[in-house]
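Notes to accompany the following structure.
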Amino acid sequence: MKVGRLELLKALIVVTAFLAPIAVAAGVSEESVLESPRALAVALVAAWLAAALVGYGFYGGKRCIGAATLLMVAALVVFVAYARPWVGEEENVVFWYAASFTYENSEDNLPIENVIVSFPHPNIDNEPVLITGFSWSLFGPNPENLDVKTLQIQDGRVIRLLGDRTATLFIQYGKENTRHGPKISLSMDKLYPREVVLIQAYASAPLENFYDLTMCENKENQRIYAYCQYFPLDKKISMSFWVKLSRKIDDNFERVEEFSRTEENGESGWWWKLY
């Protein structure tokens, strides 16, 4: 029994000696060990030498070389089968997504509060795809030309407040499933007339089915809806929605889908079909 435990302890020490250089290389190497053949080769050679030197004291010449070689083969099998060195992530097609909501005006031109806006979420067969790099911006009317929109706030950072706005915009965003498909929903504390909220993000789809990526409820019916709710609930406003999906080709993004709608005297709590 004691002999068996001793042999197990020796084997664990040799394995530890083998793994230590790989762990050190992963921590100090400027290149990723799993992505660089050179870094991986250096780490494995150092690991083999460490295991062979430690094993020499336990097993002698031939057995230590055999143990170190066996460990290297096992490590290579693990790297190739699971870590897949030198093989990038599954090739994806990149898309750029953008959407905006504008509170144009109202009869009293007072702000609307507790605003909820839902935009179509990029999806495949009504399943939302992963989006990254989410960013939002708030634009306001330029005092010198009301038809020109000027950046006020970028991802919470105040650039320049315009018009009646004296404080930053408090905004939350998330994903939800609705009867009109998956949506990106924004919740905002207050919007003033002529203010525009713009969101942008990147989406991706596997190469084999990127043609199925859409903002519509499904690829066939081409229906697309946006939602708006605000307070006071009985207030009617003029508003506009805009969404766009573009696919990256070489170094440019080419439009795939684009929908919009402007509604005068619109009501709170409605789904609006975009065209």
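Every number here is computed from the coordinates shown, using simple stated rules; none is lab data. This structure is a prediction, so every number in the text was calculated from the model and none was measured. Backbone-built Cβ (ideal geometry, glycine too); neighbour counts: all protein chains shown.
What the table shows:
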quantity: Overall dimensions of the range 92-273 as given by Cα atoms, namely Rg and Dmax in Å; calculated: 16.5, 52
quantity: Listed residue pairs exceeding 18 Å between alpha carbons, taken from Lys183/Lys244; Lys248/Lys273; Lys149/Lys235; calculated: Lys248/Lys273; Lys149/Lys235
quantity: Virtual spin-label span in nm between Arg223 and Asp189, 7 Å along Cα→Cβ; calculated: 3.7 nm
quantity: Those aspartates and glutamates that a straight Cα-Cα span of less than 12 Å connects to Lys236, excepting residues fewer than 8 apart in one chain; calculated: Glu104, Glu107, Asp108, Glu263, Glu264, Glu267
quantity: Label-point separation in nm, Glu127 to Tyr275, each point 7 Å along Cα→Cβ; calculated: 3.4 nm
